[in-house]
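*Asks:* Shown below is the structure under consideration.
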Amino acid sequence: MSALGKMKTALNKTDPQIYNFVKAEEKRLKDVLEIIPSENYISQAVKEALGSALNIKYSEGYPKKRYYQGNEVVDNVEILAQERAKKLFGVPHANVQPYSGSPANTAVYLALLEPLKDKIMGMGLGAGGHLTHGSPVSISGKYFPTAPYHLGKDGRIDYDELEKIAMKEKPKIIVCGGTAIPRIIDFKRFGEIADKVGAYLLADISHITGLIIAGVHPDPVAYVHVIMTTTHKTLRGPRGAILMVTEKGLAKDPQLADKIDKAVFPGLQGGPHDNQTAAIAVALLEASKPSFKKYGAQIVKNCKKLAEELIGYGFNLVSGGTDNHLILIDLSNKKVNGAIAALALEVAGIVTNKNAVPNDPMPPFYPSGLRIGTPAVTSRGMKEGEMIKVAKWINIVIEEVRGNELPVDKEKRSQFWREFKNRIVRNKKLLAIASEVKTFCSKFPLP
Ligand SMILES: *Cc1c(COP(=O)(O)O)cnc(C)c1O
């Protein structure tokens with residue numbers, strides 16, 4: 001029996017409740033079309049590293065400079081992860097310790113900004129930025145002044161407006177990247193603007209790392225000072241993040257790497273999760289293979305095909321389409337709210353997430369849009385032909401719930417939502433699609 005098999009048996013014996021939840025989640029993942037653009041499947045190798053003996057050790061500090069004894073093995077693991085990250089991205093410095101993307105971005109601010117004084121200029125949440133790019137509900141917006149930028153009428157970044165805001169607001173750091181950006185990010189232009197105002201430039205490439213590695217999205221390395229990527233999205237690794245400093249970053253600030261390292265530990269975190277570091281190293285190795293280039297290119301091909309088909313069904317895509325792994329649908333013309341659509345799709349076995357669209361008049365719990373993407377279905381081996389079916393199902397589901405408009409009145413809206421939830425989970429048409437989806441998905445095994 002494999003080590004993994006034994007582990008499951010032990011879990012089943014010790015805690016059948018959790019064991020059953022794990023099994024239920026494995027089944028769910030198999031049976032549904034997972035098209036949330038920030039999610040992906042991991043390989044068995046990544047999983048094995050994650051569930052390994054490397055979970056035990058305390059290793060505060062960095063390789064060869066630890067505060068605990070017994071770190072020879074862990075040092076090797078962390079050095080290997082660093083080396084692989086540096087080589088794959090072409091950077092002189094990598095920190096693989098951040099627990100996840102949010103603490104990684106926070107560490108950058110801690111390293112470079114003075115609280116309540118230095119300004120963060122990131123993309124507004126409604127425009128597709130991340131919470132940690134200066135949203136007022138996040139520590140990034142609570143502890144630092146912010147100057148958000150937004151999108152132009154065409155649903156794309158308006159770089160001229162961005163430059164004007166930067167000139168006026170004089171941010172200490174500009175953040176580019178986001179969570180709902182369907183278009184190529186012009187890192188070169190961002191670099192010119194940051195240089196003009198003397199700001200640090202942080203590229204948060206969490207969503208598009210895999211595409212950059214595959215060469216199907218421009219590379220930020222030459223233009224930015226710091227790069228943050230999560231490791232669990234298009235990179236197909238464990239939850240986690242990597243912070244990197246570029247040559248340009250070191251030229252601007254020779255202390256930059258040191259500042260970032262000190263901010264991660266001891267500034268923000270304690271002991272690194274060495275099992276996570278090992279799993280990141282495995283994911284980086286997998287991403288350095290030629291097959292990963294094909295994978296990244298296929299993600300984009302699938303997404304473009306899906307977009308084309310959806311446009312054919314009259315869907316209104318923010319910015320009119322996609323250049324990457326992600327599609328943002330504005331459902332206003334379909335007379336369906338994003339929350340209603342996402343729930344109905346889930347009943348039909350298609351897992352997406354509701355999302356705000358630029359200048360959304362609706363509150364975040366009931367946004368007007370839907371965010372979808374192709375990284376996970378591409379990991380299962382789906383290609384353009386499969387995307388035609390996916391689009392068809394999406395259209396049938398949306399047509400089924402078209403006209404279920406949310407009342408404006410808050411009280412009535414909550415009541416409508418509760419009633420809708422009860423009703424939609426029993427919808428025969430949607431349940432029939434869920435069963436078709438399940439059969440369809442069974443032909444594409446998980447990695
Ligand atoms: C996912 C994401 C993050 C945060 O990552 P967590 O691991 O969820 O904390 C930060 N920035 C961007 C652009 C992301 O997409």
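The values are calculated or read from the model by the stated rules, or taken from the named source; none is laboratory data. Since the structure is predicted, the reported quantities are computational estimates derived from the model, not experimental observations. Neighbour counts are summed over all protein chains in view; Cβ atoms, including those assigned to glycine, are modelled from backbone coordinates with ideal geometry.
*Asks:* Looking only at region 184-224, count every residue that is of a type in the set (K, R) and either touching a Cys at 6+ places or on another chain (Cβ under 9 Å) or not assigned by TED's automatic domain parsing to the domain that holds A251 (or both) and tell me the total.
*Replies:* Number of matching residues: 0.
*Asks:* Same structure again: Could you please find all residues in region 341-369 being of a type in the set (V, I, T), assigned to a strand (DSSP E or B) and under 21 Å from G178 (Cα atoms)?
*Replies:* V351, the sole residue that qualifies.
*Asks:* What number goes with the only condition from (1) more than 15 Å from the ligand (Cβ to nearest atom); (2) touching a helix residue (DSSP H, G or I) at 6+ places or on another chain (Cβ under 6 Å); (3) without any contact (Cβ under 8 Å) to a residue 24 or more places away in the chain that S135 does not pass?
*Replies:* The failed condition is (1).
*Asks:* Let me ask another. How do the pairs read when you match residues in region 84-107 that are basic (K, R) with residues anywhere that are in a helix (DSSP H, G or I) and more than 16 Å from the ligand (Cβ to nearest atom), using Cβ under 8 Å and keeping only pairs 6 or more apart or on different chains?
*Replies:* Between residues of region 84-107 that are basic (K, R) and residues that are in a helix (DSSP H, G or I) and more than 16 Å from the ligand (Cβ to nearest atom), the close pairs are R84/A281; R84/L284; R84/L285.
*Asks:* What are the residues in region 116-132 that are within 10 Å of the ligand (Cβ to nearest atom) and either in a strand (DSSP E or B) or hydrophobic (A, V, I, L, M, F, W, C) (or both), if any?
*Replies:* Correct list: M123, L131.
*Asks:* Let me ask another. Please enumerate the residues belonging to region 419-430 that are surrounded by fewer than 16 Cβ atoms within 10 Å (Cβ to Cβ) and under 12 Å from L406 (Cβ atoms).
*Replies:* Correct list: E419 only.
*Asks:* Only one of G385, G381 is at positive phi, assigned by TED's automatic domain parsing to the domain that holds F416 and not in a strand (DSSP E or B). Can you tell me which?
*Replies:* Answer to the check: G381.
*Asks:* Moving on to the next point. In contact with a strand residue (DSSP E or B) (Cβ under 7 Å, 6 or more places away or on another chain), in contact (Cβ under 8 Å) with a residue 24 or more places away in the chain and in a helix (DSSP H, G or I): is that true of I174 in this structure?
*Replies:* no
*Asks:* For G270, state whether it is surrounded by fewer than 20 Cβ atoms within 10 Å (Cβ to Cβ) and out of contact with any helix residue (DSSP H, G or I) (no Cβ under 9 Å at 6 or more places or on another chain).
*Replies:* So G270 fits the description; yes.
*Asks:* May I ask you to list pairs of residues, at least six apart or on different chains, whose Cβ atoms are under 9 Å apart, with the first in region 228-251 being under 18 Å from Y200 (Cβ atoms) and within 11 Å of the ligand (Cβ to nearest atom) and the second being in a strand (DSSP E or B) and among the aromatic types (F, W, Y)?
*Replies:* From residues that are under 18 Å from Y200 (Cβ atoms) and within 11 Å of the ligand (Cβ to nearest atom), there are no pairs.
*Asks:* Residue pairs, Cβ under 6 Å, 6 or more apart or interchain, first in region 410-427 and in contact (Cβ under 8 Å) with a residue 24 or more places away in the chain, second outside any helix (DSSP H, G or I) and of a type outside the set (F, W, Y). List them.
*Replies:* Listed pairs, sorted by first residue: R413/L406; R413/P407.
*Asks:* In region 97-104, is there at least one residue being assigned by TED's automatic domain parsing to the domain that holds D258, buried (at least 16 other Cβ atoms within 10 Å of the Cβ) and away from the ligand (no atom under 16 Å from the Cβ)?
*Replies:* No, region 97-104 has no match at all.
*Asks:* While we're looking at this one, here's another question. Search region 46-81 for residues being under 21 Å from the mean Cα position of the chain (by Cα) and under 26 Å from D219 (Cβ atoms), and hand back the single one that is surrounded by the most Cβ atoms within 10 Å (Cβ to Cβ).
*Replies:* Selected residue: A81.
*Asks:* Out of (1) touching a residue at least 60 places away in the same chain (Cβ under 8 Å); (2) of a type in the set (V, I, T); (3) part of a helix (DSSP H, G or I), the odd one out for I372 is which?
*Replies:* (3)
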